[in-house]
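The values are calculated or read from the model by the stated rules, or taken from the named source; none is laboratory data. A quick note: this is a predicted structure, and the numbers were derived from the prediction, not measured. All Cβ positions, glycine included, derive from the backbone under ideal geometry; neighbour counts span all protein chains shown. Just so you know, the surface numbers come from the protein's heavy atoms only, side chains and all, with ligands and any DNA or RNA stripped out. Shrake-Rupley method; radii C 1.70, N 1.55, O 1.52, S 1.80 Å.
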Amino acid sequence: MSRYIATSAIRGANNIVRETDAYLQKALKEKGADTKVGFPNTAYFLPTIMGFMGRKVETIGDLIPVMDHIKALLHPIPADSKWVPYLGETLDSGVATLLAEETLMALHFLYGDQPEKMDGFQLAQTSGESSNGGGHLNGPIDDIQLRSWGIQLVDGRMPGFAAIVGCAKSNEVAVKIVRELQRRNILIFLAGNVNGRSIIHQLQEEGVEMGYDTFIVPFGTDTLSAIYAIGFATRSALTFGGMKGGQSREILLYNKARVFAFVLALGEVDDLKYATAAGAISYGFPAIADTVIPEIHPTGVTSYEHVVSMPFNEIPGKDDLERAEKLVQRCIEVRGVKIKMTEVPIPVPYGSAFEGEVVRKADLRGEMGGKKSRCFEYLYSAPMEKVEDGKVTVLGPDLDSIPDGGFMDMGIVAEVAGRKMQEDFEPVLERQIHHFVNGASGIQHVGQRDITWIRVSKAAFEKGFRLGDIGKILHARYHADFGAIVDKIQVTIYTNPADVGTMLQVARDAYHKRNVRLGDMADESVQEFYSCTLCQSFAPNHVCVISPERIGLCGAYSWLDCKASFQINPTGPNQPIPKKQIIDPVKGYFSGSNEFLYANSHQQFDTVSMYSIMENPMTACGCFECIVMVIPEANGVMILSREDTSMSPAGMTFSTLAGMAGGGLQTPGVMGVGKYYLTSKKFLSADGGFKRVVWMSSILKTTMAEEFRQAAEFAGDPELLDKIADEKVCTEVPDLVAFLEAKSHPALTMDPMM
Ligand code: SF4
Ligand code: ZN
């Protein structure tokens, strides 16, 4: 244990605690103990405090016992003459620092002077589409975003996060560091500064797009904002790990074991940064500095180093870019997680972090599809001897043939062969084209099938990107991700309008056949359902039972996806569940699914109804696209979408409700579902089906209008959709009931739900 670090961290902790205490006294005097405090859009109160202490801080007064606890954790700054190198004191100081930082931040929110708002810094409005909203530093991550990253965090596609604090040697180095992290799909949280200059300024100056979509989250240009990274880590454990506030040891262990994260300190490290890093160490997050600082080697908190010094200029390498790359590599080595990366041989950077990129009109080199031209993608299985692996053919003109900002027709036809390939897997594989192509930097892919729309930026074109590279991407990714079912793949890109027309017809016939087959597929027509237990790494007792008519609650796994996934990985999270004996066909009780649930929920649950919300509904992890909840007064259910932040008739917003519904529990009357289950014939079929829906978020009504129209018809009430309220109509139960009565909603006269 370094005496220097311990002294700095203890001093940093004492200072921040003093500052926080003074602010708290001021707030108590000026605003009073009953004034509310909290962060926006979260159901976890002040999450780090909630995690460590189990306290739900809602008012300034609630902060008083927190402050007492923080003070008790402090230690005196060691005198020069006397020194006992003791890790415990440093770690205590670190925890005190985190709790104080969160308290201070909450008080800043109360006064509207939180640092990310006050430092006068504005992000350029680079992207109107950015979910960051453009223009503002991010502040804390809201629950919705946390959950929507959920599955990627669970299945390892997103290994974890890097909290970068400070300022890089140069803008060029700053960009290189984030690109290296993006390439590995590591979330990037930015905070802090050195002498007023932050990596956020550097990236901003270089035109790097920041926001949720690009995995780069600029918290604020001060050190205090780094607390949001800790709040994020704590909430991961609470949201996905099924942990409760106050289980601090479990939360820390969970983070150490499952959340791959580290702190990268760029530039000079001051007392507050040492103190904050000491807090991060408790979570198992090591700190790597690009300056000369003392190191802390494994001590028992983790088996890896806690603090690593890697002075930037001493990193071997031919230039700063190579040094930056090695710095990132070292960070990953220290934290010790193997990251799977697929090399894709194209002239632009490639990785999931680029999936959210938008190609704007001013940057557009050329586009295929959209309003001005036709574009489609079609994947089908062919016999082994018909497919030459890796062959990519572009038939017709390439992007060079059109002017800047121009458009052209295109058809992407992929033929795959494999001993385990089945026709059923075609749509599963075809749907991946969207993710695969989007991973290329400077390429934007929207839609699927014959509504595909691909835009290529000028920058990508200048780096040499041409249409054939789409084929190379598909070849590399299908082998990497679906090697168990795809042995060979060849890709033909058609751009002559006449060929595009011909092939489009072939593709449309195939889409139609698939639709018919999928439409015919009913739960009764198969012998087995599939499980998904992917979310157990976060919600240990949760099991999704997925049937042809009930998609996984995150919306990402259909029955066919699971079937394919089982072929790819026979010991993986998607296992066949033989239905066995039908116990109750109406409520959807099968001996096979009950047994499977019992064996795989750690004996927590032994019965699951596939078609009822009232009796033994399916467990929910936290990733659900929508929440369905009974409104007893209306004798029906409301459906709240994840995208909807408004109030609902249940008296709660999505994030508050999600906190109740998640965690791998069965909650009669409340269910997390995938949105395509809403339009299934088996949606609440035991409880009266789609006619039970009395309220739903308007975004669902608009984005799924056609599907709901069909569901309403199937329910025998074609006008049903007009009788369903939304947040624009009402958010209170009495108003809802009045609306339903005025519209003669069928739920009012159906059998009582309760
Ligand atoms: Fe998680 Fe269920 Fe989605 Fe699987 S299907 S990833 S268990 S929510
Ligand atoms: Zn989940």
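For the range 260-337, relative contact order (Cα pairs under 8 Å, six or more residues apart, normalised by length) works out to 28 percent.
Counted over the range 3-110 with a bin width of 10 Å, the fraction of Cα pairs per bin, in whole percents, is 15, 45, 26, 11, 2.
Inter-label distance, Phe714 to His69: 4.9 nm, where each label sits 7 Å from its Cα along the C-beta direction.
Mean separation of Cα pairs under 8 Å and 6 or more residues apart, divided by the residue count, gives the range 441-481 a relative contact order of 29 percent.
Spin-label model, Ser525/Glu423: points 7 Å from Cα along the beta carbon direction are separated by 1.2 nm.
Shown for the chain: cysteine residues without a partner Cβ closer than 4.7 Å, namely Cys167, Cys331, Cys375, Cys562, Cys626, Cys730. Each residue of the range 576-581 is assigned a 3J(HN,Hα), and the resulting list reads x, 10, x, 5, 6, 7 Hz, derived from the Karplus form 6.51 cos²θ - 1.76 cosθ + 1.60 (θ = phi - 60°), x at Gly and Pro. With all protein chains in place and a 1.4 Å probe, the accessible surface of the range 3-110 carries 53 percent carbon and sulfur. The length gained on full extension between Glu462 and Lys36, counted as 0.36 nm times the residue separation minus their Cα-Cα distance, comes to 148.0 nm. Relative contact order, whole percent, for the range 3-110 stands at 43, derived from Cα pairs under 8 Å and 6 or more residues apart.
Our coupling estimate for the range 705-713, obtained by passing each phi through the Karplus curve with A = 6.51, B = -1.76, C = 1.60 and θ = phi - 60°, is 3, 5, 4, 5, 4, 5, 5, 5, 4 Hz, Gly and Pro reported as x. By a straight-distance test (C-alpha under 16 Å), which lysines pair with Lys681 as possible cross-link partners, with residues fewer than eight away in the same chain excluded? Straight-line reach from Lys681, under 16 Å: Lys587, Lys691.
At the listed q of 0.18, 0.19 Å⁻¹, the Debye profile of the range 352-509, built from one uniform point per Cα, gives log10 I(q)/I(0) equal to -1.07, -1.18.
Overall, the ratio between the Cα radius of gyration of the chain and 2.2 N^0.38 Å, rounded to two decimals, is 1.00.
For the pair Asp481 and Tyr511 in one chain, pulling the backbone fully straight at 0.36 nm per residue adds 8.5 nm over the alpha carbon distance.
Computed packing ranks the peptides 23-32, 368-377 as 368-377, 23-32, most packed first, by mean other Cβ atoms within 10 Å. The packing ranking, built from the mean of other Cβ atoms within 10 Å per residue, places the peptides 281-287, 72-78, 55-61, 311-317 in the order 281-287, 55-61, 72-78, 311-317, highest first. From largest to smallest, the equivalent ellipsoid semi-axes obtained for the range 486-616 from the alpha-carbon gyration tensor read 36, 18, 12 Å.
Expressed as a whole percent, the accessible area of the range 128-249 that falls on carbon and sulfur atoms is 43 (1.4 Å probe).
Solvent exposure of the range 117-335 amounts to 32 Å² per residue of accessible area, where only protein heavy atoms count and the probe is 1.4 Å. Accessible area per residue of the range 352-509 at 1.4 Å probe, in Å²? For the range 352-509, the per-residue accessible area is 40 Å².
Just give me a number: lysine pairs in the range 3-110, eight or more positions apart or cross-chain, with C-alpha atoms less than 21 Å apart. Count of close lysine pairs: 6. Applying the Karplus relation 6.51 cos²θ - 1.76 cosθ + 1.60 with θ = phi - 60° to the range 257-267 yields 3J(HN,Hα) values of 7, 10, 9, 7, 8, 8, 9, 10, 9, 9, x Hz, where x marks Gly and Pro. For Met410, the residues whose amide H sits under 5 Å from its own are Gly369, Arg374, Cys375, Phe376, ignoring neighbours fewer than 5 places away on the same chain, with H placed 1.01 Å from N.
In Å², what does the accessible area per residue of the range 3-110 work out to with a 1.4 Å probe? Here the per-residue accessible area is 43 Å².
Nearest 500 deg cm²/dmol is fine: what mean residue ellipticity at 222 nm does the chain get from its DSSP H runs of n ≥ 4 alone, each adding -39,500 (n - 2.57), divided by its residue count? Value at 222 nm, helices only, nearest 500: -11500 deg cm²/dmol.
Sorted on the mean count of surrounding Cβ atoms within 10 Å across their residues, most packed first, peptides 185-191, 431-437 read 185-191, 431-437. Ligands, DNA and RNA left out, the 1.4 Å accessible surface of the range 365-410 is 53% carbon and sulfur atoms.
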